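A short write-up of the structure that comes next.
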Amino acid sequence: MQLRTLGRSNLRVAPLCLGGNVFGWTATETASFAVLDAFVGAGLNFVDTADVYSVWVPGHRGGESETVLGNWLKRTAKRKDVVIATKVGMEMAPDRKGLSAAHIERSVEQSLRRLQTDYIDLYFSHCDDAGVPMEETLGTYQKLIAEGKVRAIGASNFSAARMTEALELSRTNGLPRYEVLQPHYNLYARSDYESSLEPLCVEQQIGVVSYFALASGFLSGKYRTPADAGKSARGKGIVDKFLNERGLRILAALDDVGRRYGASPATVALAWQIARPSITAPIASATAVSQLSELIAATQLKLDAAAIEQLNAAGR
């Protein structure tokens with residue numbers, strides 16, 4: 001597996017990241033362990049989670065995904081074989097949110113405990129917090145890096161303007177910089193990233209790890225008619241949002257390219273992102289090993305220029 005460098009850090013990752021949002025939620029611990037075993041067994045090494053996963057589930061408090069991942073790390077003793085990304089900042093409770101020094105310092109200890117590790121490879125600000133000075137946030141990360149608890153930092157859901165501000169602050173004050181951006185990006189949702197964030201990331205050598213890389217499953221081709229809304233708990237929302245003229249045009253292009261390469265729509269959609277020079281690794285989730293093969297196949301699929309342009313045109 002050819003590894004890629006995350007920004008200017010010393011972290012080297014496979015070109016596909018396994019999303020841990022489903023661990024302990026739509027995937028039981030046993031199913032999550034099986035997916036993790038298969039993912040790492042295939043030569044991939046990058047797993048993304050967050051402290052807030054999955055606080056939205058009735059009876060959950062957050063931290064469920066990190067706990068499952070930590071139990072797997074303990075069982076397999078594979079900590080040195082994987083690059084773990086987790087996040088801080090989304091609301092866990094009314095008094096547990098944001099990017100203040102106090103909240104980050106408390107949260108990192110809780111994440112380390114759940115993950116059963118003494119360091120986090122990549123620690124993300126999960127969302128911007130305009131109510132806290134960036135100097136405070138970045139200064140806290142500097143302290144955690146100096147203590148060996150965090151290796152590199154990233155930003156998720158930041159605008160280009162705020163990312164630029166953070167990078168300049170890091171440069172002028174000798175603070176650690178955000179080495180990675182985690183934006184919402186896929187063949188359907190393109191404009192926000194491509195218009196302003198992508199040029200900044202290329203210029204500043206920022207790694208990019210995109211979430212919703214399969215548009216909540218729409219780009220897998222699973223949802224093609226209104227009747228398909230019943231295929232999953234989130235099916236109605238997916239059909240309402242994506243099943244339109246543009247969405248069907250994208251699926252048709254994925255089908256056509258997939259026929260030529262003998263690949264599924266999901267494999268092609270991820271390979272399209274992997275081929276984009278600014279993208280380090282798209283994130284995709286799987287609740288069962290059976291779903292994993294078409295995701296992993298994307299790391300081996302080399303699309304030619306004509307296929308990439310066909311997909312670009314369909315998704316414009």
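The values are calculated or read from the model by the stated rules, or taken from the named source; none is laboratory data. Note that this is a predicted model, so its numbers are computed, not measured. FYI the Cβ positions are ideal-geometry reconstructions off the backbone, even for glycines, and counts take in every protein chain you see. For the accessible areas, the whole protein counts, side chains as well, though only heavy atoms, and no ligand, DNA or RNA atoms are used. Shrake-Rupley method; radii C 1.70, N 1.55, O 1.52, S 1.80 Å.
Annotation for region 298-316 versus region 65-108: alpha-carbon center distance of 35 Å. In plain terms, the chain from VAL289 to GLU165 could stretch by 40.5 nm, reckoned as 0.36 nm per residue minus the Cα-Cα distance. Expressed as a whole percent, the accessible surface of region 185-295 that belongs to carbon and sulfur atoms is 55, based on a 1.4 Å probe.
Scanning the chain for DSSP H helices at least 20 Å long along the axis (C-alpha atoms) with a Kyte-Doolittle mean no lower than -1.0 picks out 101-115, 245-261. Ellipticity at 222 nm from helices only: DSSP H runs of n ≥ 4 in the chain, each -39500 (n - 2.57), divided by the residue count, give -12500 deg cm²/dmol. Note on ASN173 and ASP255: with the Förster distance fixed at 45 Å, the Cβ-Cβ geometry gives a FRET efficiency of about 0.35.
The gain in end-to-end length when the TYR119 to ASN244 segment is fully stretched comes to 40.5 nm, 0.36 nm per residue minus the alpha carbon separation. Modelled spin labels at GLU91 and GLU135, positioned 7 Å past Cα toward Cβ, are 2.9 nm from each other.
Can you send over the carbon and sulfur percentage of the accessible area for region 38-138, probe radius 1.4 Å, protein chains only? Each step should come with its number before you reach the end.
Numbers: 2090 of 3990 Å².
Roughly 52 percent of what the probe reaches on region 38-138 is carbon or sulfur.
A 1.4 Å probe run over the protein chains yields, for the chain, 41 Å² of accessible area per residue, whole-number rounding.
Under the convention that each Lys and Arg Cβ holds +1 and each Asp and Glu Cβ holds -1, the size of the dipole of the chain around its Cα centre is about 640 debye. Once both labels are positioned 7 Å from their Cα atoms along Cα-to-Cβ, the gap between ARG190 and TRP56 label points is 2.6 nm. Taking a ≥ b ≥ c as the square roots of the eigenvalues of the alpha carbon gyration tensor, region 1-104 is oblate, as a/c is not under 1.5 and a/b does not beat b/c.
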